[in-house]
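The values are calculated or read from the model by the stated rules, or taken from the named source; none is laboratory data. Keep in mind it's a predicted model, so treat the numbers as computed, not measured. Every residue, glycine among them, receives a Cβ derived from its backbone with ideal geometry; neighbour counts consider all protein chains shown.
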Amino acid sequence: MAINFLNTINFNQNELQNVVIDPTGSAPTTTEGAMYYDTTDDIMYYRNASAWVPMDGSGTGVTTFTNANGTFISATTVNTAATGAVTVGTLDLSATGAAGATTFLRGDNTWATPAYVTYTLPTTNGANPDLVLTSSTAVTDIVNLNGVSTTVEVTGSGTDTITFDLVDDVTIVTSLTVNSGAAATRSSFGYQVTIPATPLVSTDAASKGYVDGLVEGGLTFKGTFNASSGIIVSGSETGDYLYNCPGGAGTRVVVTVGDYYVVATAGDFYCDATEPLTIGDSIIGVSAAVADASVIGDWSIIQSDEGVTDFTNANGTFISAGTVNTGATSSVTMGTIDLSASGTPGATNFLRGDNTWAIPTGAVTSVTASAVNDELGLIISPTTGAVVAGIDIKGTTNLGAAPALGDEILLYDLDGDVNKAITVENLMQSATNGAYAVLNTSTTGVTQQSTPPAGTEGWVIAVDTILSATAAIHVACEVIRVSDGHTVYASVERATTNITVNFVGSSIPQGTYAVILNRVA
């Protein structure tokens, strides 16, 4: 009986020595990549995707070769079912005529020069000239090149020059696109262009007068300034002053309606404490003033944000602040904010509903491990506060002897999902055990296989006798050669309480092999 291997065998690049490839008289039923030796025709075969292929070379390669010449390509050697070393000679075009730099392969398989006609193209002089096409066959065709009086003029010069130009006064009927060639770029006119005074739609160009009229009275951003001194710190007027504060030297700028400045450093506007400015505030000129003459009323102030105008807070039942404010302004503080409970806070007391630190009544204050003999084994640390309990195995007194069969151990019962006690005797009954048995009919529990398959010999092992096992399927079996202890691979079959070990061959001496048995359940 063949040994069943139910997975791939990896030899790890080791040799397979003294092997015989499945000798049989007919092809077996198997899968792609299999091999067998056919004892009928004495040929080795392998299986491809669809059929068995002989491995003697007769089933592969080209058996004969045939070629024929076509209309445009021919070979110097034509073969018909040729075998052995075959050649087709030289393959080339078969056209008649002479191949050269001025000839081409014509559809009738002939090298020929294509027929063509030459032309001369003289022109006439003056406005709107003619282009005269005269062929080598004396046929004349005239192409008229005419301009348009309002846009393009065309002029001929000599017999080979045609000039295209714009007329001096170009009239564009619909639109004119001025572009340098790329959609993202811009082009310009070299001189002034007159356009309508007022555009009609959003895409029309706007005249200077139209634009000046729109921006008249608008805002002009001038720069930023230090509100504490009035000095301008950015823009074209950097270093000049809007005002002098507190009355120092420095040129004060002219103010124009629409002038727009932003505060860079906070301070009092025009040194007036009633008009404080913060960073980000803006001022806009609403009245014009000459140099060194502007006053605070010439400006409109725009606050960047109003912020908090005043602040009020009050203490609650459980939380209080060090400072209570009512409508406070400027720099405001609440002091320290904390719980306001009376009493002393600590690790054992809690905030009670009457805002008092107190120890809750009825609470567990400490935990202690039991000292009763049948309750030993628990460790508590610490005994108060955040108590942690564990099983104290190392700290428990050692038994100092083999346990009695009736002694009990705590375990988790997976089936019942519950903790239970188990006796040492029950635990030993579930433990694995093993045995070594020589395959000899003189060994207790070992008998000769009565009807082995043809060409084989075997022994039957009663695992209930040798291992007290109730099922052979739970017993692992390794077969070894007694003489050297090497593991060998025989057929091992299990049925009820018996394991049958079967070898190919006959007259195998008693005691040649042995088994190592291990009960795993």
Residue under evaluation residue 414, criteria (1) touching a helix residue (DSSP H, G or I) at 6+ places or on another chain (Cβ under 8 Å); (2) within 30 Å of residue 374 (Cβ to Cβ), criterion not met: (1)
What's the number of the condition residue 312 fails, among (1) modelled with pLDDT of 90 or more; (2) closer than 30 Å to residue 351 by Cβ; (3) crowded, with 16+ Cβ neighbours inside 10 Å? (3)
One residue is enough: does the range 417-428 have a residue meeting the conditions assigned to a loop (DSSP other than H, G, I, E, B) and within 28 Å of residue 375 (Cα to Cα)? yes
Among what's in the range 238-297 and is under 14 Å from residue 227 (Cα atoms) and among the acidic types (Asp, Glu), pick the residue that is surrounded by the fewest Cβ atoms within 10 Å (Cβ to Cβ). 272
Condition first: surrounded by 13 or more Cβ atoms within 10 Å (Cβ to Cβ) and polar (S, T, N, Q). Can you find one or more residues in the range 349-367 that meet it? yes
Which residues, taken from the range 431-464, are without any contact (Cβ under 8 Å) to a residue 24 or more places away in the chain and outside any strand (DSSP E or B)? 431, 443, 444, 445, 450, 451, 454
Output for the range 368-396, where each listed residue is among the basic types (Lys, Arg) and surrounded by 11 or more Cβ atoms within 10 Å (Cβ to Cβ): none
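The rows are residues; the columns are (1) over 15 Å from residue 435 (Cα atoms); (2) among the β-branched types (Val, Ile, Thr); (3) buried (at least 20 other Cβ atoms within 10 Å of the Cβ); (4) not assigned by TED's automatic domain parsing to the domain that holds residue 447.
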residue	(1), (2), (3), (4)
458	yes, no, yes, no
464	no, no, no, no
467	no, no, yes, no
472	no, no, yes, no
491	yes, no, no, no
495	yes, no, no, no
504	yes, yes, no, no
512	yes, yes, no, no
Check the range 101-122 and report whether any residue there is at pLDDT below 75, touching an Asp or Glu at 6+ places or on another chain (Cβ under 9 Å), of a type outside the set (S, T, N, Q) and outside any strand (DSSP E or B). yes
